[in-house]
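Below is one structure, written out as structure tokens; the observations come after it.
Every number in this text was worked out from the coordinates using simple rules, so none of it is lab data. Since the model is a prediction, treat every value here as computed from it, not as a measurement. Counting neighbours? That spans all protein chains shown, and the Cβs are built from the backbone with ideal geometry, glycine included.
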Amino acid sequence: MNVLYCFITHRSELNADIISISEMCLYNKISDYIIVCGANDKSYMDNNILYLDCDDTYEGLPDKIYKMFKFVTSNIKLSTYKFYAKLDRKINLVQPIDVDLLEGDYGGKVVRVKEHCDGNRTWHIGKCSANSKWSVKKYEGKFVPWCDGGDGYILSNHAANIVANNPPNHDEDIYEDQYVAQKLLNNNIIPYKIQKLTSFFYDKDK
């Protein structure tokens, strides 16, 4: 099996997303997909829904992504895919991904860091829970080249296993796409630009 499409949502949006995502996948003749959200006290699959024992808030995204990859790479059926497409709930699918365009372990819309100019350290403020420290705390960590999480990115099975074995630091990691990029860079995996990415999927709100 080539690509598992992994749509990230919240429990509060799940019912609506089941309808919209399922219809979108059906239209594109894609049956290999899961919809991922937080659960209460255990992780389990129910048809195409993956319920995770994770933080389901915005600030919990690194935890959710880590636990998603941990689940799929250890699940007998889901661990057989060559690639995993991480997609936000607002992503619009245009057509199935052409795997011949997947040149490496980690691809998407690449954001480069430049000297004296890195990412937005307050991007999350205003999006986090009011009682979270991240509602007022700036990101103080490093920035490395990454694939923009909002636009979606694709990991090979090898890269997914690396993320699955390297949990985030809840005191330091707030950006899930940066968390993924850093763990992969520590294992000598750098992001590459997928050509014609928007011909396969794009953020419909951008």
message: For Ile125, project a label point 7 Å along Cα to C-beta. Then give me every residue of region 174-197 with its amide nitrogen under 19 Å of that point.
response: 174-176
field: Percent of beta bridges antiparallel (DSSP, the chain, rounded to nearest 5)
entry: 50 percent
field: Dipole in debye (nearest 20) - the chain, about Cα centre, beta carbon charges: Lys, Arg +1; Asp, Glu -1
entry: 220 debye
query: Which whole-number percentage describes the relative contact order of the chain, with Cα contacts under 8 Å and a sequence gap of 6 or more?
result: 26 percent
field: the chain, helix-only ellipticity at 222 nm - DSSP H runs n ≥ 4, -39,500 (n - 2.57), divided by all residues, nearest 500
entry: -7000 deg cm²/dmol
- prompt: How much of the calculated P(r) for region 120-206 lies past 18 Å, in percent of all Cα pairs?
  reply: 51 percent
- prompt: Each residue of region 138-149 in order: what ³J(HN,Hα) in whole Hz does its phi give by Karplus 6.51 cos²θ - 1.76 cosθ + 1.60, θ = phi - 60°, with x for Gly and Pro?
  reply: 6, 6, 10, x, 7, 10, 10, x, 9, 8, 4, x
message: Restricting to Cα atoms and excluding each atom paired with itself, what does the Kirkwood estimate give for region 3-203 in Å?
response: 17.1 Å
- line: Under 5 Å from the placed amide H of Val36, counting only residues 5+ away or on other chains, we find Phe7, Ile8, Thr9, Leu50
message: Give me a comma-separated list of calculated 3J(HN,Hα) values for region 74-81, in order, Karplus coefficients 6.51, -1.76, 1.60 applied at θ = phi - 60°, integers in Hz, x for any Gly or Pro.
response: 9, 7, 4, 7, 6, 6, 8, 6
